[in-house]
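For reference, the structure discussed in these notes is given below.
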Amino acid sequence: MESLTADLNTLSLDKDGHLANREDWSIDLAQQLAYTCEVGELNDRHWEVINFIRAEFENTGDTPPIRRLTKQSGVSIKELYQLFPKGPAKKMAKIAGLPKPKGCI
Amino acid sequence: MLNKLNKALNPKEWDLVIVDQDETHYYQPGFLFLPFGIYQKEDVEKPKINFFPKNARFIVSGIEQIVPDENKVLLENGEALEYTFLIIATGTEIRPDEIEGLNGDLWHKKIFDFYTIEGALALANFFQTWEGGKLVLNIAEMPIKCPVAPLEFLFLADDYFKKRNMRDKVDITLVTPLDAAFTKPIAAHELGNFMQEKGINIVTDFSIGRVENEENKIISWDEQEVEFDLLVSVPTNMGIEAIARSNMGDELNFIPTNKHTLQSDGWENVFVIGDATNLSSSKAGSVAHFQADILFDNLLSAIDGKPLEASFDGHANCFIESGDGKGLLIDFNYETEPLPGKFPIPGVGPFSLLKESRMNHLGKMGFRWFYWNMLIKGKNLPMDPHMTMTGKYVPETEHA
């Protein structure tokens, strides 16, 4: 069997550096992406967040804002910043293989 | 909407009722000018009763709860109203209580907002005797009402302190949760240049977690610290609590609304306008104005049992004060970001898009007259609610 580990250099990315094709995403790839954005080894709490936002994306077509995430997932904002330091909203989406959250203006 | 509907609906068939918790109408775009003494309190307030049609019933009361499944609105004064159609225009309010320590000991002493009449006037008072120091403007989180207002505030502050010969004593910094001065790339680039020219600092990607009142610091969730002598805060914006009590809103009490028809997602006979919606269009007065034309058409269609064919495109049009008697203008919608060009007549103007000019400033100052005399009375402006691409161009260099 071929290695499941995709070569990050061959993946097609969107203009924000997120996965262009959601079908390219895998659990292994998530871990690799986590290393590249200085999140490190993914633990159970990381996975709770990733699974939550992937499910929300399926339902709503968008990455949930941090407020909804903390209200519904039981992960506090403080913990979110510990799990995904410096800009959790973008990093979570990137690791979960989702586009950058839409900014509201 | 009330003035438009009053003209269109047969009074023998329809009762028009408006509920408002406040008898005074505030010209909210004017709040920005209060701290700098450009406008006074009397310039921005008028009694609402002046603007309502005589045969509509005006009830002054807060809302306790909306019960959309029973077509009822329960008022704080104890009255229960039944409706055939409901338009919700409850807007957004600032919530300093959402940030730990923000409305603590320093609130309206060293920490001010300028999105309420009280905050803007308290800040005007503070500026009278302030001798300078670190002025920090912090945006707590998006979305906020009038996303350009914080930048305008900074430009006006720069101008104000220059004119008072104390610009060298004031260090001005924008601290924002965004990764640039503004959300849309081309405008963010232009506005970022402006800030640089005026010597205004920027700290990006800063999500405020708390305010340390004793140490005069704001601290982000990831423990970055910014010190201030004066904090001008744009706190979390939320829909009113009655929306939460009615279980009609999202996590910020904004009501899920169809982005094109302006019908609420949950109920066919409930329409939503302006800041009360959860739409990704700007929370700005121009948006509510353009939405009003669409909502009016769709409400009349709904009354006649016809399909809702009028479609809102997210159109917003904002003057941006840049100080020293000049201003910029931006025009955009859901799909198209603010671009340079001329407005409203292509190639001619008189307004320049995304470019500083005196005419733009005059447009902004003249707008107050249009607001009190035309818009609020439901009179039409010679302007299409939909955005147009004519007169605009996309700059060749892409800005990251």
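The values are calculated or read from the model by the stated rules, or taken from the named source; none is laboratory data. In this text the structure is predicted, and so the values were computed from the model without any measurement. A quick note on method: Cβ atoms are made from the backbone with ideal geometry, for glycine too, and the neighbour counts reach across all protein chains shown.
Some notes on this structure:
- Subset tally (residues that are at pLDDT 95 or above, crowded, with 22+ Cβ neighbours inside 10 Å and more than 17 Å from B:L375 (Cβ to Cβ)) for segment B:280-311: 2
- Filter result for B:Q224 (within 11 Å of chain A (Cβ to nearest Cβ) and farther than 30 Å from B:I66 by Cβ): yes
Conditions (1) of a type in the set (K, R); (2) in a helix (DSSP H, G or I); (3) crowded, with 19+ Cβ neighbours inside 10 Å, marked per residue:
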residue: B:L135; (1), (2), (3): no, no, yes
residue: B:P147; (1), (2), (3): no, no, yes
residue: B:D179; (1), (2), (3): no, no, no
residue: B:F182; (1), (2), (3): no, no, yes
residue: B:Q196; (1), (2), (3): no, yes, no
residue: B:D205; (1), (2), (3): no, no, no
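- Candidate set: segment B:204-221, residues that are farther than 21 Å from B:L123 by Cβ and among the β-branched types (V, I, T); chosen: the one farthest from the other protein chains (Cβ to nearest Cβ): B:I219
- Filter result (among the basic types (K, R) and within 14 Å of another protein chain (Cβ to nearest Cβ)) within segment B:266-312: B:K283
- Some residue of segment B:167-180 being among the charged types (D, E, K, R), within 14 Å of B:F36 (Cβ to Cβ), in contact (Cβ under 8 Å) with a residue 60 or more places away in the chain and away from every other protein chain (no Cβ under 14 Å): no
- Within segment B:46-66, the set of residues being touching a residue at least 60 places away in the same chain (Cβ under 8 Å) and either surrounded by fewer than 15 Cβ atoms within 10 Å (Cβ to Cβ) or not in a strand (DSSP E or B) (or both) comprises B:F51, B:G62.
- Residue within segment B:247-265 that is more than 14 Å from chain A (Cβ to nearest Cβ), part of a helix (DSSP H, G or I), closer than 17 Å to B:L86 by Cα and small (G, A, S) present: no
- Members of segment A:37-55 that are under 12 Å from the mean Cα position of the chain (by Cα) and part of a helix (DSSP H, G or I): A:H46, A:W47, A:E48, A:V49, A:I50, A:N51, A:F52, A:I53, A:R54, A:A55
- B:I240 more than 14 Å from every other protein chain (Cβ to nearest Cβ) and touching a Ser or Thr at 6+ places or on another chain (Cβ under 6 Å): yes
- Selection from segment A:52-103 of residues that are farther than 21 Å from B:G209 by Cα, within 13 Å of chain B (Cβ to nearest Cβ), touching a residue at least 24 places away in the same chain (Cβ under 8 Å) and among the small types (G, A, S): none
- Number of residues in segment B:301-343 that are over 17 Å from B:T183 (Cβ atoms), part of a loop (DSSP other than H, G, I, E, B) and under 20 Å from the mean Cα position of the chain (by Cα) equals 2.
- Hits in segment B:72-88 (condition: more than 15 Å from B:L16 (Cα to Cα) and not in a strand (DSSP E or B)): B:E76, B:N77, B:G78, B:E79
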